[in-house]
Amino acid sequence: MATEEQVRESLKEVLVAGPMRSLVMLNLVREVKVSKRKVNITLASTALSKEAQDWVRTKTKALVEKLPDVKEVEVEFIEVKPGELNQVSHVIAVMSGKGGVGKSLVSSLMAVALKRQGYEVGILDADITGPTIPKMFGITTRPGGSPTGILPVASKTGIEVISMNLLLPQEDVAIIWRGPLLSKAITQFWQDVVWGRLDYLIVDLPPGTADASLTVLQSIPVSGVVIVFTPQDLTAMIVRKAVSMAKRMNKPVLGVVENMSYLYVPEINKRIELFGKSKAQKMAQVVEAPLLGQLPIDPELAKLCDEGEIESYNSDAFASMAQVLSQILSKTVSAKEGVLPPKSGSASEEQVRKGGK
């Protein structure tokens, strides 16, 4: 006779369109009962249209009926709020303090790095008026859903994404909203989206320390913050404001990333510091947080972002940042909220100290 475990295992093959994740990973399976040759399955109808529910019911029955000694399968749907379905282990907010430093780029690269290590990852694009995440991932599909919830859209490698740009009729439509509306939209991206089971949710914050950032740090259980900066003195001064905000909100700074740190010219094998001498080590000391890495100005990365292929990016600097990020998360966030050990090679102590250089 089939067991409950076998039934749940079979439900991993039922993928929901949009996020392209199984009923199990979306946490839509609420109850499974096995009695003699009959199986009763209760699923959440959250964010599923009537057509989607019918398809899920048919697919579920077809798979479960293949199990040993199963003669009858009943599938029932119940209403559940998205917030009751979501099990996000760690939420990491990425801040910059000012615009133009590559905060969205770092958010995307962090998500790509964690996904490559085998984690379930999502990105919440909280930059409502200037969303760029979908463009970098080449996502144009509108989120699915129903009046009961919203389904995120999966990237090519399975990173779950929600962004205001995916909800607009055209990507170049301006969002002209005051602070309360922006905050409401961010809250809905957290409460009304079916994230399901995620190891990490990366929240890409807008520049500054105003309403949007405050909403995220107050309304979402942020595990820690990553600060992004560039070598200019002006940026360094603004970064201190972002760090001050994080600390006042009792959110640990997990690390700092220096973006546009240098331009490498292979023809002469030389690094050119276009924006001045690197302040990576100094900022790490001031912030009292590890240096996750120094990212160069890379024409190849810019090209991939424009083409929506950021998930194809590889470089020594990115690989080093990915290693150090994994090491830091396993030692800090994981120690406080439940260990998620690195699923690939971890950085050495020397790499952590030097920021992966």
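When residues of region 277-307 are filtered for being part of a loop (DSSP other than H, G, I, E, B) and in contact with a Phe, Trp or Tyr (Cβ under 6 Å, 6 or more places away or on another chain), how many remain? Explain how you work it out, then say what you get.
Pass one, region 277-307, residues part of a loop (DSSP other than H, G, I, E, B): 277-279, 288-290, 295-298, 307.
So of that shortlist, the ones also in contact with a Phe, Trp or Tyr (Cβ under 6 Å, 6 or more places away or on another chain) come out as 296.
Matching residues across region 277-307 total 1.
Would you tally the residues in region 138-155 being under 17 Å from residue 79 (Cα atoms) and either assigned to a strand (DSSP E or B) or among the basic types (Lys, Arg) (or both)?
4
One line per residue, one yes/no per condition, for (1) of a type in the set (Phe, Trp, Tyr); (2) in a helix (DSSP H, G or I); (3) under 15 Å from residue 127 (Cβ atoms); (4) over 22 Å from the mean Cα position of the chain (by Cα):
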position: 165; (1), (2), (3), (4): no, yes, yes, no
position: 177; (1), (2), (3), (4): yes, no, yes, yes
position: 186; (1), (2), (3), (4): no, yes, yes, no
position: 202; (1), (2), (3), (4): no, no, yes, no
position: 208; (1), (2), (3), (4): no, no, yes, no
position: 214; (1), (2), (3), (4): no, yes, yes, no
position: 231; (1), (2), (3), (4): no, no, no, yes
position: 235; (1), (2), (3), (4): no, yes, no, yes
position: 242; (1), (2), (3), (4): no, yes, yes, no
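For region 28-56, how many residues meet the condition of being under 20 Å from residue 192 (Cβ atoms) and among the polar types (S, T, N, Q)?
4
In the list 256, 228, which residue meets the criterion of being surrounded by 15 or more Cβ atoms within 10 Å (Cβ to Cβ), β-branched (Val, Ile, Thr) and free of Cβ contacts under 8 Å to residues at least 40 places away in the same chain? Please lay out each step first, then the result.
Numbers: 228 fails: free of Cβ contacts under 8 Å to residues at least 40 places away in the same chain.
Residue meeting the stated conditions: 256.
Given the conditions (1) surrounded by fewer than 19 Cβ atoms within 10 Å (Cβ to Cβ); (2) at pLDDT 95 or above, report the number of the one that residue 72 does not fulfil.
With respect to (1) surrounded by fewer than 19 Cβ atoms within 10 Å (Cβ to Cβ); (2) at pLDDT 95 or above, residue 72 is out only on (2).
In contact with a Ser or Thr (Cβ under 8 Å, 6 or more places away or on another chain), farther than 14 Å from residue 110 by Cβ and part of a helix (DSSP H, G or I): does that describe residue 260? Break it down into steps so the answer makes sense when it comes.
On the way: in contact with a Ser or Thr (Cβ under 8 Å, 6 or more places away or on another chain): yes; farther than 14 Å from residue 110 by Cβ: yes; part of a helix (DSSP H, G or I): no.
No; evaluated as a whole, the condition is false for this residue.
Restricting to region 9-21, name every residue that is in a helix (DSSP H, G or I) and either surrounded by 15 or more Cβ atoms within 10 Å (Cβ to Cβ) or outside the structural domain of residue 42 (by TED's automatic domain parsing) (or both).
Going residue by residue through region 9-21, those that are in a helix (DSSP H, G or I) are 9-13.
Scanning region 9-21 gives 10, 11.
The values are calculated or read from the model by the stated rules, or taken from the named source; none is laboratory data. As the structure is a computational prediction, the values presented were derived from the model and not from experiment. Every residue, glycine among them, receives a Cβ derived from its backbone with ideal geometry; neighbour counts consider all protein chains shown.
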